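Engineer: Quick one: the structure is below, questions incoming.
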Amino acid sequence: MALAESWHIRSRSRECAASQRPFIAGEPIITALFPDPDTSGYLRRDYCLEAWNAIPDSEETPFSSWRTLYATPGGDKPQPTEREQPEDILRRMVEEDQDHTENTRYILAVMLERKRILRETDTQRTPTGILRIYENRKTGEVYIVKDPDIPLSQVDALQQEVLLLLESTTRPPADPSDPSDPSDPSDPSDPSDPSDPSDPSDPSDPSDPSDPSDPSDPSDPSDPSDPSDPSDLSDESAAQADPPEPPAT
């Protein structure tokens, strides 16, 4: 098994491997991968065009090489996040280099290529299979991914597995303070909560003194059946005190 750094080759160099001249932004350069004599992996070297063309044929032949445009290593720094992005998963799996993730690595690389995050720069046949070399368009990071030669009948199922993996590793935890979370039972803005004692629209609230439909309200001066109305008593007393005079003879 190759060392982790041999399969995930980090960002491009800032200067030519042969002349040590610093690269200029936007300058065409050559990136080459050479077999690492100390491991079973590869070493990366970046060259300016002049130095690359001046390398004699007797020099070591690279395993893979391609032309690209120089950009400052690192590219745009991603915002800090607790979520694991698709390229993060690919990077981790390439560095771990475990056999059971071989298919997943390949599917992830193809998905990132379709999103134009990675580009395939070269393909090399080896005794153990086809190796595909991908480069991040911004950062220059290189990933060497083995093509597992997946049968077409298994591609759809593998893609679904990868999508489930992405969903489970990139979904952020639910924010308990989010008032828009419909699963929060304590949402004070829920008008359907029957336990809210302050609901002014509840007709069954006995504490509402302003309910005009309550017949037992003693303070209603307009109730004609109220025997305690002083104006009615005064009319009856006046009628009894002043009987009508007899007609004159």
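Engineer: State which residue is nearest to the chain's Cα centre (by Cα) when the search covers only region 117-144 and only residues that are over 14 Å from residue 9 (Cα atoms), of a type in the set (Ser, Thr, Tyr) and in a strand (DSSP E or B).
Structural biologist: 123
Engineer: Hey, among the residues in region 48-95 that are modelled with pLDDT under 85 and basic (Lys, Arg), which one's farthest from residue 144 (Cα to Cα)?
Structural biologist: Looking at the filtered set, the residue picked out is 83.
Engineer: Filter region 114-141 down to the residues that are surrounded by fewer than 18 Cβ atoms within 10 Å (Cβ to Cβ), touching an Asp or Glu at 6+ places or on another chain (Cβ under 6 Å) and within 23 Å of residue 157 (Cα to Cα) and list them by number.
Structural biologist: Residue satisfying the conditions is 130 alone.
Engineer: Using beta carbons and a limit of 9 Å, which pairs, at least six apart or on different chains, have the first residue in region 7-26 and among the β-branched types (Val, Ile, Thr) and the second one modelled with pLDDT of 85 or more and in a loop (DSSP other than H, G, I, E, B)?
Structural biologist: If the second residue must be modelled with pLDDT of 85 or more and in a loop (DSSP other than H, G, I, E, B), the pairs left are 9/141; 24/70.
Engineer: Right, next: Looking at region 37-47, which of the residues that are in a loop (DSSP other than H, G, I, E, B) and within 14 Å of residue 131 (Cβ to Cβ) is modelled with the lowest pLDDT? First the steps, then the outcome.
Structural biologist: Step one: filter region 37-47 for residues in a loop (DSSP other than H, G, I, E, B), giving 37-41.
Among the residues that remain, those that are also within 14 Å of residue 131 (Cβ to Cβ) are: 40-41.
Working: 40: 72, 41: 79.
Within region 37-47, the match that is modelled with the lowest pLDDT is 40.
The values are calculated or read from the model by the stated rules, or taken from the named source; none is laboratory data. Predicted model only: the values in this text are computed from it and were never measured. Don't worry about glycine lacking a Cβ; one is built from the backbone with ideal geometry, like all the others, and counts go over all protein chains shown.
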